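Notes follow the structure.
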Amino acid sequence: MSEIHKIAVLTSGGDAPGMNAAIRAVVRAGINNGFEVFGVYNGYLGLVEGDIRPLNRGSVTNIINRGGTILGTARLPEFQDMEVTKKGADNLKALGIDALVVIGGDGTYHGALRLTKCGIRCVGLPGTIDNDIACTEITIGFDTAVNTAVECIDKLRDTSNSHQRCSIIEVMGRNCGDIAYAAGIAGGCDLIITSETGYDEKVVMDLVSKAKRQKRRHILIVFTEHITDVSALAQKIKEQTGFDSRATVLGHIQRGGIPTPFDRILATRLGVKAVHELMAGNSGVVIGLQHNEAVAIPIEEAFKMEKNIFRKYAVEINTNASK
Ligand code: F6P
């Protein structure tokens, strides 16, 4: 395999706090190890359009503490088309770029796998608030998103308690319940409902009715998105139990903000590891954190792994709810 001289980095899919820290780590570790480093702007869209510019140490100064991604990001379903992928690979080759570090989620790694088949050496970094990447115990951005959600839940607890209300909080996560589990546990919520726990409206009504009988001042219930219409549910709770209720959808607030020190450190460790993997001649791998070690896992193997950190709580949480 030929030696690598030039590498590029891009962010793709939904942004996540800590992506900038990961970009910084790749750029600085890359330069320290003798590579020329380039940034691809707006994810795979910029790759296909050829928006690829050199980065130096100064390009990544003052970004470790910034949310979002200085490179911009995009969702480009068309990149699944091998012809489009090939165009992106050709744009890298035209600049003499041999390798690419992609920061994003599963969809991003599928793109990286196709690029590898087009002769570009790729390494993936897990950047998503959802924590839905099985080959890593934690993704870059998850900790910050959970902190944001818990801060919001704490505030909702105050106002719910003052008004004697039930608060339904919807968090992000796509199909993964990890933000709901983590924020629900840390926020002291009464019930956590995710796609893994399953959803039974009767459990909610029983819980709220019991709280009403006990004259409790507030109830907090957290849902992962896409499970039910939380506003309609709040209305129904009020009608059926007499307990006043409100729904709050946290939405994209969870994706922004200053990354926590945990996310900055995680992103830096994984970013440096990505560069070391390229130096070792490895490609088609994702970097993950396992037993607190940064490790490289072949992308195809990573797709087959199952995530199970928080799932063990699911059954217990629902069982306790109606007692
Ligand atoms: O993958 C991150 C995420 O924020 C999910 O939690 C959410 O379902 C999705 O992205 C929202 O995507 P968009 O910002 O494109 O609406």
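The values are calculated or read from the model by the stated rules, or taken from the named source; none is laboratory data. As the structure is a prediction and not an experimental result, all values here were calculated from the model. Neighbour counts run over all protein chains shown; Cβ positions are idealised from the backbone, glycine included.
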Subset of segment 29-63 (residues that are away from the ligand (no atom under 16 Å from the Cβ) and in contact with a Ser or Thr (Cβ under 8 Å, 6 or more places away or on another chain)): G39
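Against the definition (more than 16 Å from the ligand (Cβ to nearest atom), not hydroxyl-bearing (S, T, Y) and not in a loop (DSSP other than H, G, I, E, B)), how does N147 come out, yes or no? Give the derivation first.
On the way: more than 16 Å from the ligand (Cβ to nearest atom): no; not hydroxyl-bearing (S, T, Y): yes; not in a loop (DSSP other than H, G, I, E, B): yes.
Spelling it out, it is not the case that N147 is more than 16 Å from the ligand (Cβ to nearest atom), not hydroxyl-bearing (S, T, Y) and not in a loop (DSSP other than H, G, I, E, B).
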Count of residues meeting criterion [closer than 29 Å to P17 by Cβ and either within 16 Å of the ligand (Cβ to nearest atom) or among the basic types (K, R) (or both)] in segment 74-116: 17
Number of the exception - I129 against (1) aliphatic (A, V, I, L, M); (2) within 15 Å of the ligand (Cβ to nearest atom); (3) over 17 Å from V249 (Cβ atoms): (3)
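Which of the following residues is in a strand (DSSP E or B) and away from the ligand (no atom under 15 Å from the Cβ): I185, I168? Talk me through it step by step, then tell me what you get.
Working: I185 fails: in a strand (DSSP E or B).
Checking each option against the conditions leaves just I168.
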Answer from D263, D229 - the residue that is more than 21 Å from D200 (Cβ to Cβ) and of a type in the set (D, E, K, R): D263
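It is to be established whether one or more residues within segment 153-172 are within 25 Å of A274 (Cβ to Cβ) and of a type in the set (G, A, S). Steps first, please.
In the first step, residues of segment 153-172 are kept if they are within 25 Å of A274 (Cβ to Cβ); the result is none.
No, that holds for no residue.
Name the residues in segment 133-158 that are farther than 22 Å from I221 by Cβ and of a type outside the set (G, A, S), would you?
Keep residues of segment 133-158 that are farther than 22 Å from I221 by Cβ, which gives 133-141, 143-144.
Listed by number, the residues that qualify are I133, C135, T136, E137, I138, T139, I140, D143, T144.
Return the only residue of G46, G34, G39, G72 being part of a loop (DSSP other than H, G, I, E, B), surrounded by 17 or more Cβ atoms within 10 Å (Cβ to Cβ) and not aromatic (F, W, Y). So that I can check it myself, show each step before the final result.
Numbers: G46 fails: part of a loop (DSSP other than H, G, I, E, B); G34 fails: surrounded by 17 or more Cβ atoms within 10 Å (Cβ to Cβ); G39 fails: part of a loop (DSSP other than H, G, I, E, B).
Testing whether each residue is part of a loop (DSSP other than H, G, I, E, B), surrounded by 17 or more Cβ atoms within 10 Å (Cβ to Cβ) and not aromatic (F, W, Y) leaves just G72.
Select, from I70, I4, I63, the only residue that is touching a Lys or Arg at 6+ places or on another chain (Cβ under 6 Å) and touching a residue at least 40 places away in the same chain (Cβ under 8 Å).
Numbers: I70 fails: touching a Lys or Arg at 6+ places or on another chain (Cβ under 6 Å); I4 fails: touching a Lys or Arg at 6+ places or on another chain (Cβ under 6 Å).
Checking each option against the conditions leaves just I63.
Which one of these is in a strand (DSSP E or B) and buried (at least 24 other Cβ atoms within 10 Å of the Cβ): I7, I23? Steps first, please.
Numbers: I23 fails: in a strand (DSSP E or B).
Unique residue meeting the criteria: I7.
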Filter result for G119 (closer than 21 Å to L10 by Cα, within 15 Å of the ligand (Cβ to nearest atom) and in contact with a helix residue (DSSP H, G or I) (Cβ under 8 Å, 6 or more places away or on another chain)): no
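Out of G105, G88, G119, which single residue is modelled with pLDDT of 95 or more, of a type in the set (G, A, S) and farther than 18 Å from K6 by Cβ? Step through it out loud before you land on a result.
Working: G88 fails: farther than 18 Å from K6 by Cβ; G119 fails: farther than 18 Å from K6 by Cβ.
Result: G105 is the single residue among G105, G88, G119 that is modelled with pLDDT of 95 or more, of a type in the set (G, A, S) and farther than 18 Å from K6 by Cβ.
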Conditions (1) assigned to a helix (DSSP H, G or I); (2) within 16 Å of the ligand (Cβ to nearest atom); (3) touching a residue at least 40 places away in the same chain (Cβ under 8 Å): number failed by I153: (2)
Residue in segment 212-229 that is β-branched (V, I, T), within 16 Å of the ligand (Cβ to nearest atom), farther than 20 Å from G14 by Cβ and surrounded by fewer than 21 Cβ atoms within 10 Å (Cβ to Cβ) present: yes
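Could you tell me whether segment 151-161 includes any residue that is under 21 Å from L233 (Cβ atoms), within 19 Å of the chain's Cα centre (by Cα) and surrounded by fewer than 24 Cβ atoms within 10 Å (Cβ to Cβ)?
Filtering segment 151-161 down to residues under 21 Å from L233 (Cβ atoms) leaves 152-153, 155-157, 159-161.
So of that shortlist, the ones also within 19 Å of the chain's Cα centre (by Cα) come out as 152.
Pick out the ones that are also surrounded by fewer than 24 Cβ atoms within 10 Å (Cβ to Cβ) and you get 152.
Looking for residues that are under 21 Å from L233 (Cβ atoms), within 19 Å of the chain's Cα centre (by Cα) and surrounded by fewer than 24 Cβ atoms within 10 Å (Cβ to Cβ), one finds at least one in segment 151-161, hence yes.
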Contacts under 6 angstrom Cβ, first residue in segment 115-127 being closer than 23 Å to G256 by Cβ, partner part of a strand (DSSP E or B) and of a type outside the set (A, V, I, L, M, F, W, C), 6 or more apart: G127/G104
Matching residues in segment 9-28 - criterion: being touching a Lys or Arg at 6+ places or on another chain (Cβ under 9 Å), more than 16 Å from the ligand (Cβ to nearest atom) and aliphatic (A, V, I, L, M): A21, A25, V27
